[in-house]
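Step one of this worksheet: look at the structure below.
What follows draws every value from the coordinates through simple rules; no lab data is involved. Owing to the predicted nature of the structure, the values given are computational and were not obtained by experimental measurement. Virtual Cβ from ideal backbone geometry, glycine too; neighbours counted across all protein chains shown.
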Ligand SMILES: NC(=O)c1ccc[n+]([C@@H]2O[C@H](COP(=O)([O-])OP(=O)(O)OC[C@H]3O[C@@H](n4cnc5c(N)ncnc54)[C@H](OP(=O)(O)O)[C@@H]3O)[C@@H](O)[C@H]2O)c1
């Protein structure tokens with residue numbers, strides 16, 4: 001099944017901000033015959049996002065060749081209805097059922113679904129509250145699980161492209177991500193099973209590295225120093241760049257998708273009983289075998305030593 005933006009009904013969860021919003025913009029601007037439904041919990045954010053996308057598109061159309069915007073305030077905005085929103089807490093199964101009933105009634109059952117809803121509270125395990133722990137599973141796993149189940153029930157025979165957003169931390173879980181990485185690893189496992197069961201579906205799984213978004217900015221506030229040290233100095237890429245890389249990769253036919261080469265390498269190192277569906281899989285496998293013999297054991301020893309040293313020094317500082 002080819003990935004194309006045009007002539008679709010696309011459901012985007014987490015469409016009110018970050019990558020979900022970037023995808024909504026992309027579909028709106030690049031695919032005139034596609035209907036877009038964005039979903040998240042906050043109605044105010046959804047409304048703002050819809051207005052922003054419509055106004056930006058309208059202003060772009062009014063831009064002259066010299067790049068100046070002609071503000072024709074009296075000109076009506078593009079009111080043609082192809083961008084919809086629906087406020088819904090997708091971690092609640094009954095609410096997702098209601099969403100799909102509404103979509104069915106409006107003849108808006110999606111042909112593509114992007115499960116972008118997600119978010120992390122990066123903290124050391126002892127610093128997390130019970131609420132944080134529950135949110136980790138609710139936002140990152142249940143939102144995707146519930147939507148995938150409703151789509152699977154709705155589309156018993158028709159083709160469907162389900163695009164699920166995991167994280168590079170599913171391939172390499174490390175200190176500071178106890179609230180988040182396990183839920184993203186659960187998504188990886190769910191994807192492997194759905195690929196076997198939902199034979200009329202194309203199921204893609206994205207493992208992004210860091211990219212700029214409202215959620216990412218918030219994460220930086222609580223992210224422990226040791227987590228930042230392990231992540232290294234690599235900057236988050238712009239959200240639009242991440243969106244374009246993912247769309248290109250899907251169009252090329254990849255179903256395990258990365259936003260950088262590090263993601264591809266990490267999946268190679270993650271040898272195991274799941275079929276890989278990225279580019280250059282044989283090369284990835286050879287790289288995985290060699291790196292598991294020559295690099296991974298030494299890296300892991302060094303990494304454990306580094307983390308223990310950090311805890312010793314920082315526990316020492318607290319005690320003083
Ligand atoms: N940014 C990164 O560096 C990065 C790296 C790896 C993976 N990812 C993953 O990529 C995806 C997009 O990331 P992002 O940074 O763009 O996200 P973000 O800015 O944090 O936005 C998350 C979206 O999810 C919605 N949401 C949260 N809980 C929900 C719920 N229970 N029901 C419905 N909607 C819900 C939020 O809206 P409301 O608050 O209105 O509900 C918001 O629209 C996420 O799955 C994230 O885990 C991100």
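Rounded to the nearest 5, the antiparallel percentage of DSSP beta bridges internal to the chain is 5%. Rg/Rh for the chain (Cα atoms only, Rh after Kirkwood) is 1.00. Estimated from the Cβ-Cβ distance and a Förster radius of 30 angstrom, the FRET efficiency linking residue 193 and residue 43 is about 0.35.
All Cα-Cα separations within region 151-205 were binned at 5 Å from zero, giving a P(r) of 5, 20, 26, 17, 13, 10, 6, 2, 0, each value a whole percent of the pairs. Helix 239-252 axis versus longest C-alpha principal axis of the chain: approximately 80°, rounded to the nearest ten. Cα-based values for region 199-275, radius of gyration first and Dmax second, are 14.4, 45 Å. Peptide packing: for 277-287, 35-45, the average count of neighbouring Cβ atoms within 10 Å per residue gives the ranking 35-45, 277-287, highest mean first. Computed from Cα atoms, the angle from the helix 143-154 axis to the main principal axis of the chain rounds to 50 degrees.
Between the alpha-carbon centres of region 160-201 and region 118-154 there is a gap of 12 Å. Calculated on the alpha-carbon coordinates, the convex hull of region 247-310 measures out at 98 cubic angstrom per residue.
When only alpha carbons are used to place a centre, region 1-46 and region 250-313 end up 31 Å from one another.
Axis angle, to the nearest 10 degrees, between helix 281-294 and the longest C-alpha principal axis of the chain: 20 degrees. Summarising the label geometry, the points placed 7 Å from Cα in the beta-carbon direction at residue 95 and residue 228 lie 3.3 nm from one another. Ranked by the mean number of other Cβ atoms within 10 Å of their residues, highest first, the peptides 188-201, 109-122 come out as 109-122, 188-201.
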